[in-house]
Amino acid sequence: MCGNNMSVPLLTEAETVSATEKETAAVIFLHGLGDSGHGWAECLRGIQLPHVKFICPHAPRIPVTLCRNMMPAWFDLMGLTPESPEDESGIKKAAENIKAIIEHEAKNGIPPHRIILGGFSQGGALSLYTALTCQHQLAGVVALSCWLPLHSSFPLGSSGSKNLPILQCHGEMDDMIPMQFGAMTAAKLKSIVNPHLITFNTYPGLSHCSCPQEMATVKEFVEKYLPRI
């Protein structure tokens, strides 16, 4: 099983964009540090497909070492370099919470192979880690402006299928999570899953945010891996 035995997801708070016809697929999208699911729900509404619902959970408020503050975060952050210490227990706990949402959707009729996991920044990082450690074969991952947490534990830590499509996007002018980290992540991912299923797109002039061109690429990815059935 992917996740724990709870019948209800641990993260019950989420902004949901319902499909306009019978829901046969879902995208679970995780926001970045200090944010909420509301903004991304609005953004994703702009690329919605009639049969796909979007679930944008809100992270709990926790102490974040990097910011010396309490804020919405999926796990603690000590630094933003590849050498920074990581909140291993927090990352694993957050991944279990997301896996519980996947199980909840499966019980309600949307199987894991019809679910794409995605996110931005810290949310993208968690989506990568969750998908790679999930026992289920997911439809794919959308990883925007992010990195792979606990990267040294892979590929041994991967329990997911090697045939996991991954769309990685990164702004070339990102001063928060430098594009170099994205490139290092893409290289690492190629040692974990089928390299032919990894797409790494970069966007000139784009900082630590999204853009219409990137969202159009996300929509194409969702259309390809969650086709109408």
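We did not get these values from a lab; they are worked out from the coordinates using the rules stated. Because the structure is predicted, anything quoted here is derived from the model rather than measured. Don't worry about glycine lacking a Cβ; one is built from the backbone with ideal geometry, like all the others, and counts go over all protein chains shown.
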Among Phe29, His113, Gly46, whose Cα lies farthest out toward the positive end of the dipole of the stretch 14-225, if unit charges sit on the beta carbon of Lys, Arg (+1) and Asp, Glu (-1)? His113
Considering only Gly90, Ala139, Phe154, whose Cα is most displaced toward the positive end of the charge dipole of the stretch 14-225, charges sitting on Cβ of Lys, Arg (+1) and Asp, Glu (-1)? Ala139
Would you mind telling me which residue in Ser84, Ser158, Ser18 has the biggest mean-square fluctuation in a Gaussian network model of the chain, where springs connect alpha carbons within a distance under 10 angstrom? Ser84
Counting Lys +1, Arg +1, Asp -1, Glu -1, what net charge surrounds Ala125 among other residues with beta carbon under 15 Å of its beta carbon? -3
Let me check I've understood the local charge: for Gly37, count other residues with C-beta under 11 angstrom from its C-beta, Lys and Arg +1, Asp and Glu -1. What total comes out? -4
For the chain, set up a Gaussian network in which alpha carbons nearer than 10 Å are linked by springs, and say which option among His208, His196, His58 fluctuates the most. His196
Residues with amide H under 5 Å from that of Leu77, placed H, sequence gap 5 or more: Thr65, Leu66
I want the local charge near Ser89. Using Cβ-Cβ distances under 13 Å, sum +1 for each Lys or Arg and -1 for each Asp or Glu among the other residues. -3
Would you mind classifying the stretch 165-214 by shape? Square roots of the alpha carbon gyration tensor eigenvalues, ordered a ≥ b ≥ c; an a/c under 1.5 is rounded, otherwise it is prolate if a/b is larger than b/c and oblate if not. oblate
Sequence gap at least 6, Cα distance under 8 Å: using those rules, report the relative contact order of the stretch 34-147 to the nearest whole percent. 17 percent
So what is the calculated 222 nm ellipticity per residue for the chain, using -39500 (n - 2.57) for each DSSP H run with n of 4 or more, over all residues, to the nearest 500 deg cm²/dmol? -9000 deg cm²/dmol
Debye, to nearest 20: dipole size of the chain, +1 on Lys, Arg Cβ, -1 on Asp, Glu Cβ: 600 debye
Of all DSSP beta bridges having both residues in the chain, the percent classed as antiparallel (nearest 5) is 25 percent
Looking at the chain as a GNM with Cα springs under 10 Å, which of Gly37, Gly123, Gly46 has the largest mean-square fluctuation? Gly46
Efficiency of FRET from Cβ geometry, Met70 and Leu156, R₀ 30 Å, rounded to 0.05: 0.30
Which residues in the stretch 22-52 place their backbone N less than 20 Å from a point set 7 Å from the Cα of Ala216 along the Cα-to-Cβ direction? 43-50
Expressed as a whole number of Å, what is the distance separating the alpha-carbon centroids of the stretch 12-50 and the stretch 71-143? 15 Å
Could you state the principal axis extents of the C-alpha atoms in the stretch 1-143, from the largest down, to the nearest angstrom? 44, 32, 25
Report the label-to-label distance for Lys93 and Thr20 in nanometres (one decimal), using points 7 Å from each Cα along the Cα→Cβ vector. 4.1 nm
